[in-house]
Amino acid sequence: MNIEDYTQARLDREGTFRVFPISWSVAQSTKEDSKSVAILFRFAIHQQWGGEEGGWSPDWQPGWYVDSQTWIVKTDGTLSAGNVKNLVDAGLWDGDFDKLEGACPSGLFVLVDVIADNYGGETRYKANWISKNADKPASRGSFRPASKELLGSLRSRFQSEVRAVAGGKPSAGSPTPPPGVVPAPLTPAAAPAPSAPPAPNGPPPPSAAPSPPSPPQVVLPPQIVPPPTGAADDPVVSPDDIPF
């Protein structure tokens, strides 16, 4: 298959998707006085996450794609170390600028959160967060799992002292609620059922794809949609406050 087979239709919905890269490039912000630079990725859609109950959808028919932009240089011209590390952790880039002139990484999947982006009266859907491939997406609404390395360091340095301070007393547990107040149990929100993308002649049938192919290198268009405002170290959040 060639690059055209993977880029027939731009993704038209929000959600979490398992994707693989088919092209990459770099671009500088066109906003005056901005020194920010982004690495652009074009991803082919492989599966959609349907929540804990739905799991991953059947493989999507080739042809659907979504773009992302990761700002590795901030508006002031300084490096966005957090964004670089995110690409490294996902396996998409090893920090070698020379490699950006060649073909994009192949043979790997990553997970992306896709959001709607409204700009110039047009709504497009783009990958707003990139993470390493996993059996299920990590929850973005809670803390990350505790670091085993950090816990091991704390245990070796302070465990005996902490036990001495605690005096072997059991944990106090949850506080007693005020009179007349009954705490409600925490229940996760119901996950939407997975859905397949629309196609001109109906929904696409699933197709087996044990591993992503290695398509030819194609440079993305120089115009890029400005990302939303936010923290400078968000992998795909713009360092600028207004559109390009």
(Q) For region 9-54: of the residues being among the small types (Gly, Ala, Ser) and out of contact with any Phe, Trp or Tyr (no Cβ under 9 Å at 6 or more places or on another chain), which is farthest from Phe97 (Cα to Cα)? (A) Gly54
Q: Scan region 42-75 residue by residue and report those that are on the phi < 0 side of the Ramachandran plot and small (Gly, Ala, Ser).
A: Ala44, Gly50, Gly54, Ser57, Ser68
Q: Please verify whether region 27-34 includes one or more residues that are in contact with an Asp or Glu (Cβ under 9 Å, 6 or more places away or on another chain), small (Gly, Ala, Ser) and either at pLDDT below 95 or within 21 Å of Ser131 (Cα to Cα) (or both).
A: yes
Q: Residue by residue through region 94-130, note down the ones that are part of a loop (DSSP other than H, G, I, E, B) and touching a strand residue (DSSP E or B) at 6+ places or on another chain (Cβ under 7 Å).
A: Cys104, Pro105, Leu108, Phe109
Q) Does region 59-105 hold any residues that are without any contact (Cβ under 8 Å) to a residue 60 or more places away in the chain, closer than 24 Å to Gly15 by Cβ and surrounded by fewer than 18 Cβ atoms within 10 Å (Cβ to Cβ), and which are they? A) Asp89, Gly91
Q) When you go through (1) of a type outside the set (Lys, Arg); (2) within 22 Å of Ser139 (Cα to Cα); (3) modelled with pLDDT of 95 or more one by one for Asn86, which number turns out not to apply? A) (3)
Q: Would you check if there is a residue in region 35-52 being more than 16 Å from Tyr125 (Cα to Cα), in contact with a Cys (Cβ under 8 Å, 6 or more places away or on another chain), modelled with pLDDT of 95 or more and buried (at least 23 other Cβ atoms within 10 Å of the Cβ)?
A: no
Q.
If a residue must be touching a Gly at 6+ places or on another chain (Cβ under 9 Å) and aliphatic (A, V, I, L, M), how many such residues does region 77-114 contain?
A. 6
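The values are calculated or read from the model by the stated rules, or taken from the named source; none is laboratory data. Not measured: the values here are computed from a predicted model. No Cβ is skipped: glycine too gets one built from the backbone with ideal geometry, and neighbour counts run over all protein chains shown.
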